[in-house]
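Have a look at the structure below, then the notes.
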Amino acid sequence: MTGPAAPTVPAAWAGTLLQSFAEAGYERAEPAILQPAEPFLDLSGEDIRKSLYLTSDPSGEELCLRPDLTIPVARDYLASPRAGQPAGFSYLGPVFRYRGGRPSEFLQAGIESFGRQDRPAADAEMLALALKATSAAGADVEIRTGDVALFIALIDALDLYPVWRRRLIKDFNRKITLEQDLEQLTIASAASREYEGVLAALAGSDRKAALALVTDLMSIAGATALGGRTVAEIADRFLEQSTLKGGALPRNALDLLKRFLGISGTPAEAIAALRSLAADASLDIAAAIDQLEARIGFMAQHGIDTNTVRFATAFGRGLDYYTGFEFELHRKGNGVEPLVAGGRYDGLLSQLGAAEPIPAVGFSIWVEALTQTDHARAGARGRL
């Protein structure tokens, strides 16, 4: 690897960390450093390619040095006899990713919990364990949380066109500013005359019908891709344009989305504001709010002062596979980059090939950032 030397981690802190995870019931996982590249590209998009260290095997399969540990740990779990059963794993090891002038090899620690059906309790346990890790490193942190499940519940309750649903959720997950997109969706889109016939044919269609039409058209043209886009991507784009051409996002829906995305504060304040919004607009989002409230109760049981937790409905981690609770722990007074980040990703294991949905939640520790404290450099003497 080029660039500055990879950082080391204080041995005492690392040993204490891993022992605390083991005592909490999370066994050590050590997945292979060399991984198939496809899952990372599929789940994170082609944009991640420029940061991966890629190679290939004699058969031509594209491989990479693991850029994180969540997907490798999940793949090993799915390949084991315990797949589908509750199981928890911890890890501490190097990951590899191009980061400009910073070391391309760096350490990542964390926990992944699979198969637990008691989601609010499992979510709260993740946050509690993450806080113990930062406390042992001497870091004074602020807690930022959100819940993409609430946003999805709101979109579903608004009964928007499927193409708008996909677009808004994609924007939310990728931390794209929603305000600009929301405003654009209130204005009917003018389409190029070149595609007026296709758009007219798609009027009122669902995604399956759009995919079938575009597949037929491209088959006639003898093409399987266009401008680097797949048939499915082209179909989605045509369907989106057809929907936008047919009408704008209702103003009342826009107002409700903006009101929702403006909710923030302590969890108790957010829950009150969410219930008020649901009542005022007759929105059926009570189940998602109940899950949030239950999670907060379990946090309190773990000794977390929930008045110190910041919750924002607009908070997102920028990854498509999160499905619920999300959180980041930032150093107070210097919190641009998180020290710890994680959340619930119930859809990931299905995307990796699981036959049935498997609940999953976890977090990763950016060891390089977390151990940059006087306490950590001296080595943690207390137990987590």
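Fully extended, how many nm does the chain gain between residue 142 and residue 85 (0.36 nm per residue separation, minus their Cα-Cα distance)? Write out the running numbers ahead of the final one.
On the way: separation 57, 0.36 × 57 = 20.52 nm, distance 3.35 nm.
Computed gain between residue 142 and residue 85 is 17.2 nm.
Fully extending the segment from residue 19 to residue 300 would add 98.7 nm, taking 0.36 nm per residue of separation and subtracting the current Cα-Cα distance. The Cβ shell under 12 Å around residue 36 holds other residues with a net charge of -3, Lys and Arg each +1, Asp and Glu each -1. Within the set of other residues whose C-beta is less than 14 Å from the C-beta of residue 309, count the net charge using Lys and Arg as +1 and Asp and Glu as -1. Once all neighbours under 14 Å are counted, the net charge is -4.
We did not get these values from a lab; they are worked out from the coordinates using the rules stated. Since the structure is predicted, the reported quantities are computational estimates derived from the model, not experimental observations. Cβ coordinates were reconstructed from backbone atoms using ideal geometry, including for glycine residues, and neighbour counts include every protein chain displayed.
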